[in-house]
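What follows is calculated from the coordinates using simple rules that are stated; it is not laboratory data. Keep in mind that this is a model prediction, so the values were computed, not measured. So basically every Cβ, Gly included, is an ideal-geometry build from the backbone, and we count neighbours across all protein chains shown.
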């Protein structure tokens, strides 16, 4: 069964779409997970360390910070993702390796430092983007407990990093459920400046197509 990831800047609606998909994909009994993965002892310890770093209470170099995320990912991969795929389960992750690259590229880390051997490349990556960053900022401002304040220039830089990755790999642009996905690449880019139900429908249709065509489900 496929490994599906959802990517995009904070506040773009990934979690809301995944929640909307849950009743639609119930028959496939998916495994839902997310990154950063903090449900294990290893993940919890690393989260504590990263919280101190991001809040400015401790300082490490950029490479060390990325390696902390990679260690958390390795634990996530071996503890959750790989066992579920071996059991022929559909796996859906809210963020994965592409988030690390998109966000850490803002501190100019090399591509190969992030895409190491601790990675399984997803079958589908839905990249959500918005042309209305101010609405994203307004949405983020209502959240409590943020570790940093995201501003328009930063969000735009991260979104550009995502676009560059998707375009380099080859991406499909999903505007409605009738659009055909190029199965040679994993990226499906969706503009989320539309009703949530429409975005959920686009994602659901593309997941179903993959399950039907490639997995006979």
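Within 10 Å, count the other beta carbons around each residue, average over each peptide in 61-73, 16-28, and list them highest first. Present the calculation step by step, with values, prior to reporting the outcome.
Values: 61-73: 17.4, 16-28: 15.2.
Ranking the peptides 61-73, 16-28 by packing returns 61-73, 16-28.
List the relative contact order of the stretch 35-108 as a percent without decimals, with contacts defined as Cα pairs under 8 Å and 6+ residues apart.
Here the relative contact order equals 38 percent.
Each residue of the stretch 1-83 gets 115 Å³ once the volume of the Cα convex hull is shared out per residue. Put simply, when 8-15, 77-84, 32-39 are sorted by average Cβ atoms within 10 angstrom per residue, most first, you get 8-15, 32-39, 77-84.
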